[in-house]
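The values are calculated or read from the model by the stated rules, or taken from the named source; none is laboratory data. No experiment lies behind these values; they were computed from the predicted model shown. Note that each Cβ is placed from the backbone with ideal geometry, even for glycine, and that neighbours are counted across all protein chains shown. Accessible surface is based on the protein model in full, side chains and every heavy atom, while ligands, DNA and RNA are left aside. Shrake-Rupley method; radii C 1.70, N 1.55, O 1.52, S 1.80 Å.
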Amino acid sequence: DLQHEKSLLVLYRFTQLFSIVTQLMPSKMRNCNNLLSISLGAAVVLHQTGAFVLPQRTTLTHGSHSSESLRPNTKFYNSGTDDDSSSDSIPSDTDSDPQPPAVESNNDEIASHLKSKLYQLAASYDRGFAATPKARTEANKIIEQLAAVNPTENAARGIDGNDFSDDVPLKAIWRMVWTSAFDVVSLGASPIAAPSAIYQVITDPPIATNIIDFIPRAQSFFPSSSVPSSLLRAEVTTRASSRRGAADRVGLAFEGVKLQPIELLGQKVDNLPPLSVDLTWQQGLIDQVASFVPGLENLSSEGKDDADAPGYFDIEYVDDELLIICQQALPQQAQGGRFALVKVDNYDP
């Protein structure tokens, strides 16, 4: 305890003073009684004034046990203090050594910075429709860096819609802000219609609907106040599914296409009947005859949940703000087209 430690310290100082007095005292006066009297008196005086030196505490560790050793002449201690906590406040020589700060990469800050750069590219190059090769390369590098800090594991979970869980990372309305996919970028080359907003709606898994709004090309040249607006909406309905052995891969099976006029020269025409094409009957017919007609087995729905079955996209990054996917590469492509989409509240025209 503390009192026992103080007694040991007084004894320790007594032995030090005894050695000093022995060296300084003339040989004629040097006898046992004189030495003991002077040394003990000096030690008592130092103890009463509270000015004796407290040896510093260091911890010696051996295996799972630790012990304390004393080293002299390092810190001063006030002997008049009886609070046990004072002994705990005595710093050791290791306390004065600066500890290097832990270096931890903040993935949230990294992702925020990368997303900002990607949004700037998207705004500068019209979502990728006017992108140069250099801009596409830069966007790919940013996306690869984002993929390295993707906060969501098993991003395709719940996409089958079988578990009735809200833990579905893709369940949302997503609006495209960037793409390098040729089948979408080529839509911008039409001299008649220009692509407007593009959405991927996954509010009721496993149904995923791709929406593309088209406006007349001439309409994009003039202010909206001077030209009556027209808009045609194309919807492609697909059925999404998870793929075995690929936690971030989503398979797609086309089920239908619909063309719906929304606005014509400033007038609402969304009550007109849409032009729809149902594709599910074709798949059903193929499934029925696939076993009898050579070459159709690859088009059958059997084995569609295999990881490498045709028709899928890979999730490279997803959080509560941004979704980045890479579609299946065609045979002549080294890499499939990429899409970056932000979460929005609705897909109203």
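Miscellaneous remarks
- The modelled label-to-label distance for the pair Leu279/Ile192, using points 7 Å beyond Cα in the direction of Cβ, is 2.1 nm.
- Burial order of peptide ranges 238-244, 272-278 (average beta-carbon count within 10 Å, highest first): 238-244, 272-278
- Rg(Cα)/(2.2 N^0.38 Å) for the range 99-224, N = residue count: 1.33
- Members of Lys117/Lys343; Lys171/Lys268; Lys115/Lys171; Lys115/Lys343 lying beyond 25 Å, as alpha-carbon distances in this model show: Lys171/Lys268
- Of the chymotrypsin sites (Phe, Trp or Tyr not before Pro) in the range 106-173, the ones in a loop by DSSP (not H, G, I, E or B) with at most 11 other beta carbons within 10 Å are Phe164.
- Element breakdown for the range 205-283 at a 1.4 angstrom probe: carbon and sulfur atoms account for 63% of the accessible area.
- Proximal charge balance of Asn150 [Cβ under 10 Å; K/R count +1, D/E count -1]: -4
- Note on Ile207 and Ile110: the extension gain reaches 31.6 nm, defined as 0.36 nm multiplied by sequence separation minus the Cα-Cα distance.
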